[in-house]
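Each remark here refers to the structure printed beneath this line.
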Amino acid sequence: MTEVLPKVELHLHLEGAAPAAFIRQLAHEKRMDISGIFDAHGNYAYRDFWHFLEVYEVATATLTRPEDYARLTRAVLEASAASGVVYSETFLSPDFCGGRDLGAWREYLAAIAESAAAAERDLGITLCGIVTPIRHFGPEKARETALCAAETAGDFIVGFGLAGDEKKWQPIDFKWSFDLAREAGLHLTCHAGEWGGPESVRAAWRDLGVARIGHGVRAVEDAPLVDELAEAGVVLECCPGSNIALGLYPNWPAHPIARLREKGVRVTISTDDPPFFHTTMAREYARLAEAFGWDEAIFRSIARTSAEASFCAPSTREKIMKKLEKADV
Ligand code: ADE
Ligand code: ZN
């Protein structure tokens, strides 16, 4: 059931979805020594969330050309399609793709979008992009990123978000960038309520006016906030396997996704950075089924919520909805 159910993924970092072997191969081709980021089995190795961010950036340093991102896009979409994903939104950062230079960003984007179009023809999976500044790089760099996003908003770039270290800066510090993105027609999301508490969720929602929250699960610590999120229909991009791998929750039954859902919050399921967390969309479904007894009807309803909350054009959303009605992928 969990493999073949058609799925929608809203929260996936493209570099974070790079298999360790893929990054090792790129490093080998470029004669870069990044052996320190892998364990004895060849998997990514990190001590905690902050070390994870460092390892992520070392791995990402191997992606130096648009064609590297084209290869990566293909590899990631093949893995997603194998898990039953029919539509995916991925975070893309001009910080990593051309150093926030608009001309270079356009070249990276063209390579990614072309690779995604080929994967759509071959595998039947659709990809859209969400431009994402990195919070710990600061608000000034985020402005340059927002300018790149605004210039390239369209059918492929459909959203704007904020990733990175939630403990650095406040959402309001990024307001200029989010306002610019909104004016350019981009839909908005922001990582919050992962390493920051409910006040971080509240600030992102209130100060940036986002429709979705990346993670957002720590809202559960504030009952009135949970009710407000449910009432307003704010969508949480939950990534339970990521939260458990990074030690935010000790195990699957302890994860708040089921409690939030029972309170009427619109929860969705994603993998965040799947190879880092030894997960896939199919595995997330299987673990949630085990932990909470969720059945096919619940997963189908969550997939519909994800499609409704997707940032793509209405015509694309209609196509996804049709795919979700099918018995299997
Ligand atoms: N970048 C990649 N994964 C992330 C996460 N889980 N939180 C914040 N930034 C990230
Ligand atoms: Zn994330």
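Compare 116, 75, 313 in a GNM of the chain, Cα atoms joined below 10 Å, and give the one with the largest fluctuation. Highest fluctuation of the listed residues: 313. Placing a label point 7 Å from the Cα of residue 102 along the Cα-to-Cβ direction, the residues of the range 121-141 whose backbone N falls under 19 Å of that point are 131-133, 140-141.
When all alpha-carbon pairs of the range 88-234 are counted, what percent fall beyond 19 Å? The calculated P(r) of the range 88-234 puts 51 percent of pairs beyond 19 Å. Annotation for residue 249 and residue 3: the two label points, set 7 Å from Cα along the Cα-Cβ direction, are 2.6 nm apart. Restricting the calculation to Cα atoms, every distinct pair contributes to the Kirkwood radius of the range 160-284, found to be 14.6 Å. With all projection directions averaged, the alpha carbon convex hull of the range 37-83 covers 4.2 nm².
Choose one of 303, 11, 163: the residue whose Cα lies farthest towards the positive end of the charge dipole of the chain (beta-carbon charges +1 Lys, Arg; -1 Asp, Glu; about the Cα centre). Farthest along the dipole direction, towards plus: 303. In summary, the lysines within cross-link reach of residue 167, defined as a Cα separation below 20 angstrom excluding same-chain residues under 8 places away, comprise 141, 175. From the Kirkwood radius over Cα pairs of the chain, Stokes-Einstein at 10 °C and 1.306 mPa s returns a whole-number translational diffusion coefficient of 81 µm²/s. Taking every DSSP helix (H) stretch of at least 4 residues in the chain, weighting each as -39,500 (n - 2.57) and dividing the sum by the residue count yields a mean residue ellipticity at 222 nm of -14500 deg cm²/dmol.
Each of 152, 208, 196 was scored by the projection of its Cα onto the charge dipole of the range 84-220, and the greatest displacement toward the positive side belongs to 196; charges sit on the C-beta of Lys, Arg, Asp and Glu. The stretch between residue 231 and residue 53, if pulled fully straight at 0.36 nm per residue, gains 60.7 nm over its current Cα-Cα span. Across the range 145-230, the volume of the C-alpha convex hull divided among the residues equals 87 Å³ per residue.
Listed values for the range 186-193 are Karplus-derived 3J(HN,Hα) couplings in whole Hz (6.51 cos²θ - 1.76 cosθ + 1.60, θ = phi - 60°), namely 7, 7, 10, 9, 8, 5, 6, x, and x replaces Gly and Pro. The mean sequence separation of alpha-carbon pairs under 8 Å and at least six residues apart, normalised by the residue count of the range 67-173, gives a relative contact order of 29 percent. Near residue 1: Cβ cut-off under 11 Å, other residues only, Lys/Arg at +1 and Asp/Glu at -1. The net charge is -3.
Normalising the Debye intensity of the range 220-329 to I(0), with uniform scatterers on Cα atoms only, and taking log10 at q = 0.11, 0.18, 0.21 Å⁻¹ returns -0.37, -0.99, -1.27. Measuring r between the beta carbons of residue 175 and residue 25 and using R0 = 41 Å, the FRET efficiency lands at 0.50. Only beta bridges with both residues in the chain are counted; by DSSP, about 5 percent of them are antiparallel. Extension gain for the segment residue 45 to residue 300, taken as residue separation times 0.36 nm less the Cα-Cα distance, is 88.4 nm to one decimal. The length gained by stretching the chain between residue 315 and residue 151 to full extension, at 0.36 nm per residue less their Cα-Cα distance, is 56.8 nm. For residue 11, the residues whose amide H sits under 5 Å from its own are 89, 271, 272, ignoring neighbours fewer than 5 places away on the same chain, with H placed 1.01 Å from N.
About the Cα centre of the chain, what is the dipole size in debye to 20, counting +1 per Lys and Arg Cβ and -1 per Asp and Glu Cβ, all else neutral? Dipole of the chain, to the nearest 20 debye: 280 debye.
Highest GNM mean-square fluctuation among 269, 37, 298, for the chain modelled with Cα contacts below 10 Å: 298. When only Cα pairs below 8 angstrom with a gap of at least 6 residues are kept, the chain shows a relative contact order of 20 percent.
Remark on the range 1-97: Rg and Dmax equal 14.1, 43 Å (Cα only). Largest GNM mean-square fluctuation among 41, 215, 278, using the chain with Cα springs under 10 Å: 41.
Here, each number is a calculation from the coordinates, and none is a lab measurement. Computed from a prediction, not measured in an experiment: that's the story for all the values here. Every residue, glycine as well, gets a Cβ built from its backbone with ideal geometry; the counts of neighbours run over all protein chains shown.
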